[in-house]
Amino acid sequence: SILEQLGVSISTQVSKVRFVLDWMSLSRRLRKNSIESLMRLPEMADQEKLGAMQVLNLIQLYALLICPPIVPIIGMHMMQLTLDYGLSAVSSIGFGIYAFSLCVVGDGDIDRAYQFAQLSKETYKRYGIKAFLPRLSVIYFEGVHSWKRPVREMFAPLQSAYRIGMETGDVEFAALCAVIPTWTKYEMGELSQLHKELVSLRERMSHFRQSTFDLIIRPVHQSIQSLMGLTENPTILRGEAFDEDLNQKVRRENIHQVVDFSVVHEVILSSLFGQYQRAQELSCKCKRVATPHSGPMAGSIVFFFCGFANVACAREQQNSLQRWKQIRTARRYSRILQKWSIHCPPNFLGKHLFLEAELAALSKSNLAFSKYVAAIGALKEGGFLAQIALANERLAYYLHNEKRDAEAAKPYFQEALSYYRKWGAVAKVDHFLNTAQSLGIVF
C-alpha cells in the first residue's frame, strides 16, 4: 500500500491485545511529555513521513463512516509520527483524533481528552491552514466537545466549519459538519424549522452527490416528519424521507449506520406514542449506536429512550424474571448517564434524573415526585424540549394515576402540552390530548 511505501503499516484487523499494547506504549511516551512540551517539538522535515501523515489524514473519513473502531489506530500512528519526527500542520488532526480516542478507549479519560483537544486547536492556529477546520470540527464536536461543554455551543462553530468546507472543496467533511448537530437539534429545536433545514441540506447533498450523508440523515428526517403529523402512522418510520424501498435497500446492502439510526428512531417514536413493548423489543438492537464511537449525544438519546421503554414495560410485566431484567437494563442506562453527567451536567443530568424518577415511581418510592421535579429542572437547563415535555407528561400521570391527585397533576399536563407544541410535535400533541380525553382527564 501507499502507507507501507512511506514506512507506515496499518491494518483493520488488529487484535485487542495488540491494540492495548500499542495504546499503553504510546501512553507511556506521552506521560514523559507535558502538553506544553508537545508544542515545542521540532518541525517535521522528513518528506516521506509528511506524506504518511497526509495519507492518514485522508483515510480518516472512510474510517469514520465504514469502520469507526480503527479511528483510534489512525490517531496512534499520527501521534507516533509526530513524537518521532516532529510537528506538522497535520499533527493538529493527530492530536484531535487522539483526544477523540481517549474518550472511547477503556473507561474514557475525558479530562485528558479535553486537554489534547485544546492542543489540537492551538496547533491548528499555529499553522493556520483553513482547509483543516472542517476535519478538526468533526473530530472535536462529534467525539469530545459534548463531554465537557453544553451541546448547544456546537451549532455556530459547526455552521462556520461547514461554510469553510464548501469554500475549500472539502465537501465530505463539510457535509459531516452539517450532519453532526441533527441529533441534538432533534431534541432541542423546533421541528418544523429543522425539517426545512434538512430539506435544504438534502438538496445540497444531492447536488454534490453526497449520497452517503443523505442516507445518514434520512432516519432523523423521517422521525421529524412523523412527529409533525406528515405520515399516517407516526409510530412507524416510513414516509417521504424513509420509505419502504429505502428501508429494504439499506438492509439489503447492510448499510449499518442507516439501519442502526432507523431502529433508534423507531424506539423513540414507539416510546413517545405509548408503544412500549415494541420500543423495548427494538431497543435491544441499538447497541452499536449506544457506544462512545457514535458520540455522547447519540449515545445519551439511546440510553434515555431505551431506559424509558424498559421501565414502561416493567410496569405492565407479569413475568417476574423479565421484569427484573427490564429494571436492571434501565438502571444500567441510568448509571451510564449519571457517570457522563459528572463531566457536563447540562447534557446528561436531566436524562439520568428522569430515569431515576421513573424507577422510583415504579417502586412506589415517595421520592418519585421530587426526582421528577429535579429532572424537569435539569432538562430545562440543558434545553431539551422533547424530554422536558415527556418528563412533565410522566409526572402528571404519576400524580393523577398513582397519587389520585388530579388537581396537582393539572399544571404538569398543561406544561407537557405547552412543550410538545413548542417542540412542534403535532402528532404527539394529538396523541397526548386523545389519550387524556379517553381517560377522562380534564386540564
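List of remarks:
- For the range 247-265, the set of residues classified as within 24 Å of S192 (Cα to Cα) and either open to solvent by 20 Å² or more (accessible area, probe 1.4 Å) or in contact with a strand residue (DSSP E or B) (Cβ under 7 Å, 6 or more places away or on another chain) (or both) consists of F261 only.
- Failed criterion for R394 (all others in (1) out of contact with any Gly (no Cβ under 7 Å at 6 or more places or on another chain); (2) more than 14 Å from A361 (Cβ to Cβ) hold): (2)
- Residue selected from the range 30-82 under the condition small (G, A, S) and buried (at least 20 other Cβ atoms within 10 Å of the Cβ), by the criterion farthest from D260 (Cα to Cα): A52
- Applying the condition of being in a loop (DSSP other than H, G, I, E, B) and not charged (D, E, K, R) to the range 232-246 and asking which residue is most open to solvent (accessible area, probe 1.4 Å) yields N233.
- For the range 267-280, the criterion of being at negative phi, surrounded by fewer than 24 Cβ atoms within 10 Å (Cβ to Cβ) and without any contact (Cβ under 8 Å) to a residue 12 or more places away in the chain is met by none of the residues.
- The range 151-175, subset touching a residue at least 40 places away in the same chain (Cβ under 8 Å) and of a type in the set (D, E, K, R), residue least open to solvent (accessible area, probe 1.4 Å): E172
This table checks each residue for (1) at pLDDT 95 or above; (2) over 29 Å from L26 (Cβ atoms); (3) open to solvent by 60 Å² or more (accessible area, probe 1.4 Å).
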{"residue": "K125", "(1), (2), (3)": "yes, no, yes"}
{"residue": "G128", "(1), (2), (3)": "no, no, no"}
{"residue": "L136", "(1), (2), (3)": "yes, no, no"}
{"residue": "I180", "(1), (2), (3)": "no, no, no"}
{"residue": "M188", "(1), (2), (3)": "yes, yes, no"}
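- Sole exception among (1) of a type in the set (V, I, T); (2) part of a loop (DSSP other than H, G, I, E, B); (3) more than 24 Å from D430 (Cβ to Cβ) for T212, by number: (2)
- Check on R218, under 22 Å from G189 (Cβ atoms) and not in a loop (DSSP other than H, G, I, E, B): yes
- Test result for K325, among the charged types (D, E, K, R), at pLDDT 95 or above and open to solvent by 50 Å² or more (accessible area, probe 1.4 Å): yes
- Single residue of the range 8-29 satisfying the filter (more than 31 Å from the chain's Cα centre (by Cα) and outside any helix (DSSP H, G or I)) that is surrounded by the fewest Cβ atoms within 10 Å (Cβ to Cβ): S9
The values are calculated or read from the model by the stated rules, or taken from the named source; none is laboratory data. Remember, predicted model here, so these are calculated numbers, not experimental data. When we count neighbours, we look across all protein chains shown, and the Cβ atoms used for this are built from the backbone with ideal geometry, even at glycine. What goes into the accessible areas is simple: the full protein's heavy atoms, side chains included, and nothing from ligands, DNA or RNA. Shrake-Rupley method; radii C 1.70, N 1.55, O 1.52, S 1.80 Å.
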